[in-house]
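Heads up, the thing below is written out as structure tokens.
The values are calculated or read from the model by the stated rules, or taken from the named source; none is laboratory data. Note that the structure is a prediction, hence the values are computed from the model and not measured. Reconstructed Cβ throughout: ideal geometry from the backbone, glycine too, with neighbour counts over all protein chains shown.
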Amino acid sequence: MWPSSRRFRDASPQDKLAYLAKLRDDPKLVRFDEPRIPGLSHGNGYWALTRHADVVEVSRRPGDFCSSHGALWINDLSQDFNEFFGSIINMDAPRHSRLRRIVAAAFTPRAVRGLRDYIDRAAADTVIAAATRQDIDIVADLATPFTLTVICDLLGVPESHRAALLAASNVIVSGGDPDLVPDQQDPVRAFLDAGTFLATLATDLAEHRHHHPTDDLLTALVHAEVDGERLTTHDIAAFFTLLAFAGQETTRNAIALGLHALHTHPDARAAWAADFDRLAPTAVEELIRYTSPVALMRRTVTRDTTLNGHPLATGDKVVLYYAAANHDPAVFTNPDQLDLTRSPNPHLGLGGPGPHYCLGAPLARAEITAMFREIFHHLPDLTITSEPEYLRSTSVNALKTLTAATSTRPRPLPDRR
């Protein structure tokens, strides 16, 4: 098994971590072949970075390790393709900085605090609706509808388009999972079709916002200026596509994987449920570290350099394995143990330090906190009843299904004033 193989793709997150731990223990950097994906070029391989210190250093050196050659995929894609599907994730300064500033204000801690009542209500509504079901799918009934509602409300996506938006974004982040991309001989076509749908949706909605502005993020994109110029239709579509999938994917997976992690650590769950507000800040960070929804990102070497004494040549690819770094025993005591009191917790679950740290981190933390608060309040006996079915992907850690049951009926909402 090697990190770009189908065997690795199809392994559980636990088995992937066990394999990456062996690489982390090797003092040398290890080079691997790139994935062989129909429709994509096959380059000269990449260096796997699994140590926390290496991932942090690369993240802090964007001048030596760029994102504009592709950050979401190991294989090379055209610049237009990269910017369309990843927008600012696949950009470098100064363009990255200018575009990021357009929506940054909507995701600051202060802005998210202003959304707290809305987020709490959305979480409560989702949990109460799920509680009416005899069998609850953690992914389909809890994590997905909640995070989809929040990002679509922020973007201003009408209810009538949300199911299709979810289906398209699931394909884009699928990693080629056969259940989501049945045609394994042409997965790129599935990605392009999904992206085209989101771009068309963005263009149609943007045209309406141009004449009928509201206070949503799409209106902000339509009327934003960069260096005195309005964003192009292409820019708006790319930004919308990024927010549509990235704005829900990490949080959704942290919630679903986090519930499973608490199921396997019942003492930790009981302790958090008994003292939710005190433990919430460290518990949320620990769930993000432990589950590592974003498994990896790529960077490309811009000039001959070294990393931890290892020479790297211009054009070399390095892949940042965040999940492995988040379980590095050089940084985290008992890294494979879920410790909801862990502090400090310098995890990389929302990206490494530097210009590409997750823009939506404050929103993700608020959503995760709200969802677990409502689950503990309304469904205190929620019990996992099935084995997890994981997404077959090398780039994200995610669940496709996880069944649970409860005998509790929803209780009145607490007064949070």
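Tell me whether region 211-230 contains one or more residues that are out of contact with any Gly (no Cβ under 6 Å at 6 or more places or on another chain), surrounded by 17 or more Cβ atoms within 10 Å (Cβ to Cβ) and not in a helix (DSSP H, G or I).
Within region 211-230 (the criterion being out of contact with any Gly (no Cβ under 6 Å at 6 or more places or on another chain), surrounded by 17 or more Cβ atoms within 10 Å (Cβ to Cβ) and not in a helix (DSSP H, G or I)), the answer is yes, since at least one residue qualifies.
If a residue counts only when it is in contact with a helix residue (DSSP H, G or I) (Cβ under 7 Å, 6 or more places away or on another chain), which strands (runs of 3 or more DSSP E) contained entirely in region 298-417 have at least 2 such residues? Break it down into steps so the answer makes sense when it comes.
On the way: elements: 305-307, 310-312, 317-321, 399-401, 403-405.
Qualifying strands (runs of 3 or more DSSP E): 317-321, 399-401.
Could we say that R60 is more than 19 Å from V181 (Cβ to Cβ) and free of Cβ contacts under 8 Å to residues at least 60 places away in the same chain here?
On the way: more than 19 Å from V181 (Cβ to Cβ): yes; free of Cβ contacts under 8 Å to residues at least 60 places away in the same chain: no.
So R60 fails the test.
Taking the stated definitions as given, is R298 within 21 Å of I368 (Cβ to Cβ), touching a residue at least 24 places away in the same chain (Cβ under 8 Å) and of a type in the set (K, R)? Break it down into steps so the answer makes sense when it comes.
On the way: within 21 Å of I368 (Cβ to Cβ): no; touching a residue at least 24 places away in the same chain (Cβ under 8 Å): yes; of a type in the set (K, R): yes.
No: the conditions fail for R298.
Pick out the one residue from T241, T203 that is hydroxyl-bearing (S, T, Y), assigned to a helix (DSSP H, G or I) and more than 23 Å from the chain's Cα centre (by Cα).
Details: T241 fails: more than 23 Å from the chain's Cα centre (by Cα).
Just a single option satisfies the conditions, and that option is T203.
Provide a single number: the residues in region 355-375 that are within 17 Å of the chain's Cα centre (by Cα) and either free of Cβ contacts under 8 Å to residues at least 12 places away in the same chain or farther than 18 Å from I151 by Cβ (or both). Steps first, answer last, please.
Within region 355-375, the subset within 17 Å of the chain's Cα centre (by Cα) is 355-369, 371.
Now narrow it down to the ones that are either free of Cβ contacts under 8 Å to residues at least 12 places away in the same chain or farther than 18 Å from I151 by Cβ (or both): 355-357.
Number of matching residues: 3.
Scan region 23-32 for residues that are under 25 Å from the mean Cα position of the chain (by Cα) and without any contact (Cβ under 8 Å) to a residue 40 or more places away in the chain and jot them down. It would help to see each step written out before you state the result.
Start the filter on region 23-32 by keeping residues that are under 25 Å from the mean Cα position of the chain (by Cα), which leaves 23-24, 32.
Residue satisfying the conditions is F32 alone.
Looking at R133 and the list (1) in contact with a Pro (Cβ under 8 Å, 6 or more places away or on another chain); (2) without any contact (Cβ under 8 Å) to a residue 40 or more places away in the chain; (3) outside any helix (DSSP H, G or I), which single condition is not satisfied?
Result: R133 fails condition (1) only.
Only one of A143, A163, A220, A224 is under 24 Å from the mean Cα position of the chain (by Cα) and farther than 24 Å from I128 by Cα; which?
Numbers: A143 fails: farther than 24 Å from I128 by Cα; A163 fails: farther than 24 Å from I128 by Cα; A224 fails: under 24 Å from the mean Cα position of the chain (by Cα).
None of the others qualify; the one that does is A220.
Here are some residues: L402, L363. Which one is within 19 Å of L180 (Cα to Cα) and of a type outside the set (V, I, T)?
On the way: L363 fails: within 19 Å of L180 (Cα to Cα).
Criteria check complete, one pass: L402.
Just the residues that are touching a Phe, Trp or Tyr at 6+ places or on another chain (Cβ under 6 Å) and assigned to a strand (DSSP E or B), please, taken from region 287-297.
V294, L296 - these are the residues of region 287-297 that are touching a Phe, Trp or Tyr at 6+ places or on another chain (Cβ under 6 Å) and assigned to a strand (DSSP E or B).
Taking region 100-121 as the search range and keeping residues that are under 15 Å from E367 (Cα atoms), in a helix (DSSP H, G or I) and among the hydrophobic types (A, V, I, L, M, F, W, C), which one is modelled with the lowest pLDDT? Show your work before the answer.
To start, the set of residues in region 100-121 that are under 15 Å from E367 (Cα atoms) comprises 106-121.
Going one step further and asking which of them are in a helix (DSSP H, G or I), we end up with 106-107, 109-114, 116-121.
After this cut, where a residue has to be among the hydrophobic types (A, V, I, L, M, F, W, C) as well, the list is 106-107, 111-112, 119.
Numbers: A106: 88, F107: 91, A111: 93, V112: 96, I119: 98.
Top of the filtered list is A106.
Can you tell me which of (1) surrounded by fewer than 20 Cβ atoms within 10 Å (Cβ to Cβ); (2) in contact with a His (Cβ under 9 Å, 6 or more places away or on another chain); (3) within 27 Å of T108 (Cβ to Cβ) is the one N345 doesn't meet?
Unmet condition: (2).
Can you pull out the residues in region 273-286 that are surrounded by fewer than 24 Cβ atoms within 10 Å (Cβ to Cβ) and either outside any loop (DSSP other than H, G, I, E, B) or among the aromatic types (F, W, Y) (or both)?
Of region 273-286, the ones surrounded by fewer than 24 Cβ atoms within 10 Å (Cβ to Cβ) are 273-282, 284-285.
Across region 273-286, the qualifying residues are A273, A274, F276, D277, R278, L279, A280, P281, T282, V284, E285.
When both residues are 6+ apart or on different chains and their Cβ atoms are under 7 Å apart, which pairs have a first residue that lies in region 171-193 and is modelled with pLDDT of 85 or more and crowded, with 22+ Cβ neighbours inside 10 Å, and a second that is assigned to a helix (DSSP H, G or I) and among the charged types (D, E, K, R)?
Note: pairs meeting the criteria are V173/E249.
Just a yes or no: is a residue in region 244-253 within 14 Å of I151 (Cβ to Cβ), assigned to a helix (DSSP H, G or I), aliphatic (A, V, I, L, M) and modelled with pLDDT under 95?
Yes: one or more hits.
Can you tell me which of (1) in a loop (DSSP other than H, G, I, E, B); (2) among the small types (G, A, S); (3) at pLDDT 95 or above is the one A143 doesn't meet?
(1)
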